[in-house]
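Only one structure is covered here, and it is reproduced in the block below.
The values are calculated or read from the model by the stated rules, or taken from the named source; none is laboratory data. None of the values given here were measured: they were computed from a predicted structure. All Cβ positions, even for glycine, are placed from backbone atoms using ideal geometry, and neighbour counts span all protein chains on display. Side chains included, ligands, DNA and RNA excluded: accessible areas come from the protein's heavy atoms. Shrake-Rupley method; radii C 1.70, N 1.55, O 1.52, S 1.80 Å.
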Amino acid sequence: MSITLTDQDKLTLRTAAWGAVSLMSAAGAAGSAHKVATHGSIALTSATGLVGHVLAKAPKGVKYGKTVAELADQVLPALTAAMSLLKKQAPAEADNFRGTVIVAIEAGARTHQGEPSPAMAEMARKLTEALDAA
């Protein structure tokens, strides 16, 4: 079965995944936001399958807003929408997408010595909740 995603579908997946890395980076700003973003980005670009092909490029032209709250307003619903879309069209790719985003979240959280900060742990919880809301 061949899966065809529209350009809008691909933008939703990219906004969700790359936005999740951005949210983790913002939550980890007290440490090294750059390291969080780097490790999360490597996780996304290491994905395989259809998800890997889509996430190989960051979204272009997306305006995430000026605050973390504005970013979250776009990214959290996009995570849920991406999971719903993939569950309908390609259930195995839904699992692949979820796993890829979780690895990106965990990769970013591990850049800090010891446990993630409370802000990062809370952001990871919110992102996971949005993935599982579909």
field: Residue check, Ala26 at pLDDT below 95 and surrounded by 16 or more Cβ atoms within 10 Å (Cβ to Cβ)
entry: yes
statement: By residue number, the members of segment 11-37 that are without any contact (Cβ under 8 Å) to a residue 24 or more places away in the chain and either among the hydroxyl-bearing types (Ser, Thr, Tyr) or assigned to a helix (DSSP H, G or I) (or both) are Ala33, His34
task: Check Leu55 against each of (1) crowded, with 17+ Cβ neighbours inside 10 Å; (2) under 12 Å from the mean Cα position of the chain (by Cα); (3) more than 12 Å from Ala20 (Cβ to Cβ) and name the one condition it does not meet.
output: (3)
Conditions (1) within 18 Å of Ala72 (Cα to Cα); (2) part of a helix (DSSP H, G or I); number of the one not met by Gln8: (1)
Any hit, segment 99-106, residues being modelled with pLDDT under 95 and open to solvent by 70 Å² or more (accessible area, probe 1.4 Å): yes
field: Residue, nearest to the chain's Cα centre (by Cα), within segment 7-20, restricted to residues that are open to solvent by less than 10 Å² (accessible area, probe 1.4 Å) and over 16 Å from Ala90 (Cβ atoms)
entry: Ala20
